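Working notes, beginning with the structure itself.
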C-alpha cells in the first residue's frame, strides 16, 4: 500500500528533518574545529590575519562560484538529463569545469601577484599604523590560501552534478572534511609553524572537500572532455542564470569584507572575536532555517509553476511559523547561556577570560538578529520559486549600504559610551538583516495577496510567550552560582526546552504536531538521498 499523501507542510518538514541530520554532523565537526583553533591561537593578531586572509579567499570563491553556480548549473544540467541527452549534459559539465578552472586560476594568479596591494590598501586601509609584521603575515597567508579558491570551485561543481543525480550524502559530508583538514593541521603539524599550520590544514581540508565526492562521481560513469564550450547555448544559459545570484553573493561578501576591515582597525582580537561569534549565530541558523529553506524550495517552486498560489501561501506561512517557533527560543537561549558556553568550550591555552568577554559581547548582538536571519532564508527562497531574483538582490543591496553605514555608526557610538566597539559590528548586522527581512516580507505579502497574517502573528505571540517563560526559567537557574559551566549549559537546555514545550502545549499551538513530525523525521541521509 502506498504511503498516504501528506500536506505540503508535512512534506517540507519531512525533507527538512533529513537535511538537518547532515547539518548537525557538519556543525559538530565545525564546533570541534573552532574549539581547537581558538584554544591554540586565542583571539590573537595572528588569528586575525588568518581570518582576514581567509575572508578574501572566500570572497573570490563566492563571487565566481559558490551557491550561484549550483543554482544556475543544476537546473540546466537536469534539463539535459531529463531529455535523455546524457552526452550533452556531460559536455556542459566539462565546459563549466574547464571555464571554472581557467577563470579562477587567472584571478588567483592576479591576487597572488598583487597581494601586498590587496592587503595594504584593502584590508588595512583603516589601520595603516598596524605593524608591518601583521601585514606581512596576512599577505603570506592569503597567498597560501589562494589554491582553495580553485579547489572549492571545482568541488562545488561536483556537488551540483551529484545533487542532480539525487546523491546527497557525500556532498553533505564535504564541509565536515574541510573542518577535519583544519583540525589535523592544528593537532599534527609542528607548533613551531604557528598560524601557518592552520592555513596548511585549510588547504588539506579543501582537497578532502573535493576528493570525498569522487566515489559517487565515478559511479555515475560520466566522461570529462577538456573543452571550453563558450559557444554552447547551455553554457550561456548557466552564465545568464548566475548573474543575479553573483550580484546577491557580492552584496553579502562586501558586507563581510567591510566588517573585517573595520574590525582590523579596532582592538587586537576583534576580527577573531567577531568571526567566532558569527559562527555561533550561524549554527542554529543553519540547522533551523537553511534546512527548512532547502526542503521548502522544491515545494514552493512546484506550487508556483502550477499557479497554486493558495497552497503556496499556506505552505510559506507554515514554514515561517515553524521557523519562528524554533528561532525565537534559540536566540534567547543563546543570549542567556553564551558566557558559560564560550567559557567551557574555548577558555584555556591562548584563549583567555578577556577572549571570552570579547566573543560573548559580539555574540549577544548577533543572537538578537537570529530570528531575522532565519526568516530571511525562507522568504528569499519563496522569491526564487516565483522566478524573481531581482527583488531580493535589490533589497539586499540597500541593506548592504545600511549595514555599512550602521557599522561605522555603532562602532563609534559603542566606543564613545565605553562599550567594546566590535559589538557595534554585530548589532549593525542584526538590525540591517531585520529591516531587509521585513521589507521582503511586505513585498512578498503584496505579491501573493496575503500571507495568512493572523496565523503568523498568532504564532509570534505563542512563541513569544513560550520564550519569555523559557528566559525566566533559565535566568533563575543561572543565578545558582554554585553550578559549574557544564551543568549550567546542560540544565539550561533541558529546562528551557521543557518549559517552552509545556507553554506551547498549554496554548494548544497546532504547530507542535508539525514540530513533533519534524523531530521524528531527522535521520541519517542515505547515499541516494
- Task: Within segment 238-249, identify whether any single residue is surrounded by 19 or more Cβ atoms within 10 Å (Cβ to Cβ), within 19 Å of the chain's Cα centre (by Cα), farther than 30 Å from residue 87 by Cβ and in contact (Cβ under 8 Å) with a residue 24 or more places away in the chain, and answer yes or no.
- Result: yes
- Which one of these does residue 211 not meet: (1) closer than 18 Å to residue 95 by Cα; (2) out of contact with any helix residue (DSSP H, G or I) (no Cβ under 6 Å at 6 or more places or on another chain)? (1)
- Query: Taking segment 401-437 only, how many residues are touching a residue at least 60 places away in the same chain (Cβ under 8 Å), farther than 21 Å from residue 357 by Cβ and either touching a strand residue (DSSP E or B) at 6+ places or on another chain (Cβ under 8 Å) or surrounded by fewer than 20 Cβ atoms within 10 Å (Cβ to Cβ) (or both)?
  - Reply: 4
- Item | Hits in segment 448-457 - residues which are in contact with a helix residue (DSSP H, G or I) (Cβ under 9 Å, 6 or more places away or on another chain) and surrounded by fewer than 16 Cβ atoms within 10 Å (Cβ to Cβ) | 449, 450, 453
- If you check residue 386 against the conditions, is it surrounded by fewer than 24 Cβ atoms within 10 Å (Cβ to Cβ), at pLDDT below 90, farther than 15 Å from residue 283 by Cβ and in contact with a helix residue (DSSP H, G or I) (Cβ under 9 Å, 6 or more places away or on another chain)? yes
- Can we say residue 199 is under 15 Å from residue 155 (Cβ atoms), touching a helix residue (DSSP H, G or I) at 6+ places or on another chain (Cβ under 9 Å), crowded, with 16+ Cβ neighbours inside 10 Å and in contact (Cβ under 8 Å) with a residue 24 or more places away in the chain? no
- Message: Restricting to segment 165-196, name every residue that is assigned to a loop (DSSP other than H, G, I, E, B) and closer than 24 Å to residue 222 by Cβ.
- Response: 165, 166, 167, 168
- Note on the structure: Among helices (runs of 4 or more DSSP H) entirely inside segment 209-306, those with 2 or more residues being at pLDDT 70 or above and farther than 30 Å from residue 341 by Cα are 214-219, 233-264
- Message: As an exercise: evaluate residue 180 against (1) closer than 25 Å to residue 52 by Cβ; (2) surrounded by 22 or more Cβ atoms within 10 Å (Cβ to Cβ); (3) under 19 Å from the mean Cα position of the chain (by Cα) and give the number of the one condition it does not meet.
- Response: (2)
- Query: Mind checking whether some residue in segment 444-463 is more than 22 Å from residue 309 (Cβ to Cβ) and under 27 Å from the mean Cα position of the chain (by Cα)?
  - Reply: yes
- Message: Condition (residue is at pLDDT 85 or above and closer than 30 Å to residue 346 by Cβ) applied to segment 122-136: is it met by at least one residue?
- Response: yes
- Task: Identify all residues within segment 438-463 that are in contact (Cβ under 8 Å) with a residue 12 or more places away in the chain, assigned to a helix (DSSP H, G or I) and closer than 16 Å to residue 385 by Cα; write none if there are none.
- Result: 440, 441, 443, 444, 447
- Query: Quick check, is residue 72 at pLDDT 80 or above and in a helix (DSSP H, G or I)?
  - Reply: no
- Item | Candidates 93, 106, 53 - the one that is assigned to a helix (DSSP H, G or I), closer than 27 Å to residue 172 by Cα and modelled with pLDDT of 85 or more | 53
- Note on the structure: Just one listed residue, out of 139, 151, 161, is over 19 Å from residue 34 (Cα atoms), at pLDDT below 90 and either touching a helix residue (DSSP H, G or I) at 6+ places or on another chain (Cβ under 6 Å) or assigned to a helix (DSSP H, G or I) (or both), and it is 161
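The values are calculated or read from the model by the stated rules, or taken from the named source; none is laboratory data. What you see is a predicted model; the values in this text were computed from it and never measured. Cβ sites come from the backbone with ideal geometry, for glycine too, and all protein chains shown count toward neighbours.
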